[in-house]
1. Name the strands (runs of 3 or more DSSP E) wholly inside region 229-323 in which the number of residues that are without any contact (Cβ under 8 Å) to a residue 60 or more places away in the chain and among the hydroxyl-bearing types (S, T, Y) is 2 or more.
2. Condition test on G451, is it in contact with a strand residue (DSSP E or B) (Cβ under 8 Å, 6 or more places away or on another chain) and assigned to a loop (DSSP other than H, G, I, E, B)?
3. Scan region 572-591 residue by residue and report those that are surrounded by 14 or more Cβ atoms within 10 Å (Cβ to Cβ) and either modelled with pLDDT under 90 or not in a loop (DSSP other than H, G, I, E, B) (or both).
4. Say whether the condition of being touching a residue at least 60 places away in the same chain (Cβ under 8 Å) and of a type in the set (G, A, S) is met by at least one residue in region 561-576.
5. Could we say that G498 is out of contact with any His (no Cβ under 9 Å at 6 or more places or on another chain), within 20 Å of D433 (Cα to Cα) and part of a strand (DSSP E or B) here?
6. Report, by residue number, each residue of region 502-537 that is surrounded by 24 or more Cβ atoms within 10 Å (Cβ to Cβ) and of a type in the set (D, E, K, R).
7. Taking region 86-107 on its own, how many of its residues are in contact (Cβ under 8 Å) with a residue 40 or more places away in the chain, under 12 Å from G72 (Cβ atoms) and not small (G, A, S)?
8. Within region 385-399, is even one residue polar (S, T, N, Q), at pLDDT 95 or above and buried (at least 18 other Cβ atoms within 10 Å of the Cβ)?
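The values are calculated or read from the model by the stated rules, or taken from the named source; none is laboratory data. As the structure is a prediction and not an experimental result, all values here were calculated from the model. All Cβ positions, glycine included, derive from the backbone under ideal geometry; neighbour counts span all protein chains shown.
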Amino acid sequence: MKLFLSVLLNCIVMIALSACNMQTAVPAIDTPGPIPATNTAVVNTEIPALPPLSITLGETNDPQGITLDRGGDVDTQAVSIGTPAQSARSSGNGQVISSGDTTPDSYIQFNVDDERLFGGAPTAHVRVEVDYFDQGTDSFNLQYDAVPFGASDGKFAGGGSWIKTNTNTFKTASFNVCDANFANRDNGADFRISDNADGAEIIRAVRVVELTGGDAKVNVDDFGANPFDEQPDSEAIQSVMDSACSGDTIVFTSPESDPAYRGYLIDRTIFLTGISAKHDLTFTSFDPNDHALLQATADLKGFVVRLFARSRFSNAGDIDNIDFGNIDVNGGRNVRQCLGSDQNINGVDDNWGSWLPECTQAGDPWCSPGNIGMDGAMDNSDVSQNFVDNPSRWTIGIAVHDLVNSDAECGTALAFGSAGGSIHNVTIDTAGDHVHVAGCALTDDDGDAGGWSDGITLFGPAHSVTDNTIINPSDVGIVYFGGKDAFIANNSILVEAGNYGAFAGIALHPWTFGDVSGVKIVGNQVTSEGDTRCGGLHTGINLGPHMWGGACVGSATGAVYGNSGSCSNDPTQSEVAACTTGNCQLWAYLPTSGTLTIRDNVVSGANINYLIEGFDNIGEFIDENNISQTPQVSDWQAAKTGCNGVTWGALDKVAHHPLLAGYADLRIHCER
């Protein structure tokens, strides 16, 4: 559990909108930006509506339909660089480049001839090619005037980030832009390159070329992926994701009972949205009833699949309506390791990390060797969780469904953070390793006794988690770190016979969003068949964060509730309010008008039905028809020795902070 509490302390940095349609032409480009691949799709031979537009930069610029701006924060200076030396222009990197003003300069800004391209006509589908000098390992990003969509006005839309590799040569970065408005709305310009104030950018030329229209439904095999050979497929698949546009459907080949089918071999995390925020993408198999397989290799660092790469853009609030279903994922638990020889999760002899420069702090759970990471944008400062009126701050409408997600090494099998999403009919089969007692045989024979993993790690409001089966999680089957109006129903969590062990079937631990009003946990089945010494389940359903270090945090976000300014073994419930200081003792908060429902759940073979500690229930707590069958005493040390010598039995329902009618009043965790 402790491994995943660190998720809550990581700020996910995310980006602005870039909407598109899948193109058949893929540019030749350099890693670690979008990855080159061979595209065997039919080439569109129609005469382009948009003649090529370009500008060559230097002491004297050569504009061919594109002009360079100056003044304000977009002044540049001529440089000569490279071998042989070539003329180019450099950004200011936050310093003033003299041109009659004192504004620090960080952008290189361009205007496209309005008579050739204006207001998305004659095309909104273009590629912006940037010839840059690859000096340093800093980054730059494209910002552009996009066609307005939904709540976004399209100004200064994010076209993606590019990371340099210090080869000291000129290279080309290519950005597919599928919603180019180019109506002079970005400070009077159409697009600009930001040096991000982490190093000056030296640009030799910029081109804008038309992207020919392609199918909205594209098979990754057309870009070089092959699920029938022994070669890794990540680069080819990522090239599809990088060039995909909003509205596209990405298709993976089904096995069709072919014995030669190996699945797509994933040796580098697949980032579904490529280099920019996208919406209305669908990922599926050619035959939805015959699932394609994404198979982690021993070389894979980090997750098999992630929604986006945090190093590529900075605000994922415009990622919306992503559908990932009918594709199975295997995390390679038999060939990957959570902890290396040093017994730390840091990339040394283990599979923590990323192929992009995203993992700089050892232990960062973003980089754990998990399976599916669908964590999007969340407004952790909004105590009201109002994603409806603030859609740009939230990723909305992610759906994961109808798939088998198996053999997660550690981290989590499915991370899911956003708003208004759904997880339906997903089978999670074995995640991590949690053998309770030293000397008991591990279920994953790689020596990682601490490689724990949740089945589903959930954040944010208004999610629906229904009809899923979670087999052998090693931490919590479904752990919910807070949010309003979630519906967690008709799920089955099973710990199988043997040394498989976990903490809880379902746990509501509001470390990210404190208000849990409207949450319904109904009709779930939690079953433990595990060995009562080496494995088994500590508790069926757990509510409240106080069990873990008293839920004392030193840097509370604005969306949590608790006792501000202090931490205590026995905090005062009447003082619970929205946290106003960095230091706060968190509670699950149910306001007067709120309702929390836990109904019709069945727990079989576990110690107790509930453990409750840290629940401010001034609203209505509905606790009805929850059944504990064939209870057995947990091997958890706190159950055997109790807190301060007070123990509880297999049928006891235990609550402390607050006291609840029908519950034994016991402090249930002695970690404090």
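1. Here the list reads 279-285.
2. no
3. Correct list: Q573, E575, A577, A578, N583, C584, Q585, L586, W587, A588, Y589, L590.
4. no
5. Answer is no for this residue.
6. D515
7. Of the residues in region 86-107, the ones in contact (Cβ under 8 Å) with a residue 40 or more places away in the chain are 86-94, 106-107.
From what is left, the residues that are under 12 Å from G72 (Cβ atoms) are 92, 106-107.
Add one more test, that the residue is not small (G, A, S), and what stays is 107.
Number satisfying all stated conditions: 1.
8. Checked region 385-399: at least one residue is polar (S, T, N, Q), at pLDDT 95 or above and buried (at least 18 other Cβ atoms within 10 Å of the Cβ).
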